Amino acid sequence: MKAQLDRKCMFFILNSSTDSEISGLLGNKLLSIYQRPLFILKQYGDKMGGSMRAVGVDNFLRMANETGLCVCSGHELASGALIDVDNFELFKEAIEEKLKDVEFSVIVEADIEIEASQVNENLIKQLNAINRISGSGFAPVKVLIRTYDYEVSTFTSKKHLKVIDKDTGVIIVQWNTDVWKTMANDKPLTAV
């Protein structure tokens, strides 16, 4: 991994005994750590297949597909990926070239900022009303929420992070991550 830190796009190859169904979950975790586009792949004969995850660009799926060396299908920043083994090194260089002028930084934008203690049924109703008024084609209101005293947990499926504010019971969820296994609750938490 350290050898890839100077690259704009990272590639992680699963060994043959690893369950390929974890590629998306692993991709989400690695994306949160490295904050750049990445692929989690496994070799299947003459193909490399798996998942793509990205941040910092509007449509990484299109960028990857435009190389002509990869087929991604799904969402703009999270999709399945398929690459011919013979084209793998060519694809890595082609995607680096497409990303050469991109500087990766994480900027989280929110429309309002609140603390967990401010969440109540009335606030939720008002935000839902604003979202309906703004109409189609407009993003819903993004809320940045802070909590200082919370419990780190998960659901019975063990696939998602669940943070519970101890004072209010407000639940914050991050889907498809196992960060709950190692996450400490020793500093304030901010979520959008």
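The values are calculated or read from the model by the stated rules, or taken from the named source; none is laboratory data. This one's a predicted model, so the numbers in the text were calculated from it and none came from an experiment. A quick note on method: Cβ atoms are made from the backbone with ideal geometry, for glycine too, and the neighbour counts reach across all protein chains shown. Ligands, DNA and RNA are stripped out before the accessible areas are found, and what is left, the full protein with its side chains, is counted by its heavy atoms. Shrake-Rupley method; radii C 1.70, N 1.55, O 1.52, S 1.80 Å.
Relative to the longest principal Cα axis of the chain, at what angle does helix 88-98 sit, 0 to 90 degrees, rounded to 10?
Here the helix axis deviates by roughly 60 degrees.
At a 1.4 Å probe, what is the % contribution of carbon and sulfur to the accessible area of the chain?
The computed percentage sits at 51.
Past the 28 Å Cα-Cα mark, which pairs from LYS125/LYS166; LYS92/LYS159; LYS100/LYS158; LYS42/LYS181; LYS47/LYS158; LYS158/LYS187?
Violating the 28 Å limit, Cα to Cα: LYS92/LYS159; LYS100/LYS158; LYS47/LYS158.
For VAL173 and ASP6, what does the FRET efficiency come to when R0 = 30 Å and r is the distance between their Cβ atoms, rounded to the nearest 0.05?
In this case the efficiency is close to 0.30.
Accessible area per residue, 1.4 Å probe, Å², for region 54-192: what's the number?
Normalised by residue count, the accessible surface of region 54-192 is 66 Å².
Rounded to whole Hz and in sequence order, give me ³J(HN,Hα) for region 69-83 from the Karplus expression 6.51 cos²θ - 1.76 cosθ + 1.60, θ = phi - 60°, writing x for Gly and Pro.
10, 9, 10, 10, 9, x, 9, 4, 10, 7, 7, x, 9, 9, 9
If you place +1 on the Cβ of every Lys and Arg, -1 on the Cβ of every Asp and Glu, and leave all else neutral, what size is the dipole of the chain about its Cα centre, to the nearest 20 Debye?
In debye, rounded to 20, the chain gives about 320.
Taking the chain as a Gaussian network, Cα atoms linked when under 10 Å apart, which of LEU38, LEU127, LEU30 shows the biggest mean-square fluctuation?
LEU127
GLU96 label point, 7 Å along Cα→Cβ, cut-off 19 Å on backbone N: hits in region 16-52?
Residues passing the 19 Å test: 34-41.
With every protein chain left in place, what is the accessible area of THR67 in Å² (1.4 Å probe, nearest 10)?
30
If exposed trypsin sites (Lys or Arg not before Pro) are those in a DSSP loop with at most 15 other Cβ within 10 Å, what is the longest stretch of the chain that has none?
1-99
Build a GNM of the chain with springs between Cα atoms under 10 Å: which of SER32, SER157, SER117 gets the top mean-square fluctuation?
SER157
Hey, what do the phi angles of region 137-146 turn into as Karplus ³J(HN,Hα) couplings, whole Hz, using 6.51/-1.76/1.60 and θ = phi - 60°, x for Gly and Pro?
3J(HN,Hα) across region 137-146, in whole Hz: x, 10, 5, x, 4, 9, 10, 9, 10, 10.
Roughly what angle does helix 23-34 make with the longest principal axis of the chain, taking Cα atoms, 0 to 90 degrees, to the nearest 10?
Tilt relative to the chain: about 80 degrees.
What do you get for the angle between helix 121-134 and the principal long axis of the chain? Use alpha-carbon atoms, 0 to 90 degrees, nearest ten.
Relative to the chain, helix 121-134 is tipped by roughly 50 degrees.
Once label points are set 7 Å from the Cα along Cα→Cβ at both ARG62 and SER32, what is their separation, rounded to one decimal in nm?
Calculated label separation equals 2.9 nm.
Counting only residues 5 or more places away or on other chains, whose amide H sits under 5 Å from the amide H of TYR44 once H atoms are built in the peptide plane?
The answer is GLY49.
Select from ALA139, LEU99, PHE155 the residue farthest towards the positive end of the dipole of the chain; place +1 on Cβ of Lys and Arg, -1 on Cβ of Asp and Glu, and compute about the Cα centre.
The listed residue farthest towards the positive side: PHE155.
Calculate the spin-label point distance for ILE133 paired with VAL192, positioning each point 7 Å from the Cα along the beta-carbon direction, and give it in nanometres.
2.3
With label points built 7 Å along Cα→Cβ from the Cα atoms of GLU109 and TYR44, find their separation and express it in nm.
It is 3.7 nm.
List every residue whose amide H lies under 5 Å from the amide H of GLU113, counting only residues 5 or more places away in sequence or on a different chain, with H placed 1.01 Å from N in the peptide plane.
LEU144
How large is ³J(HN,Hα) for each residue in region 179-191, as worked out from phi by the Karplus curve 6.51 cos²θ - 1.76 cosθ + 1.60 (θ = phi - 60°), to whole Hz, x for Gly and Pro?
My calculation for region 179-191 gives 4, 4, 5, 10, 6, 8, 10, 9, 8, x, 10, 10, 9 Hz in order.
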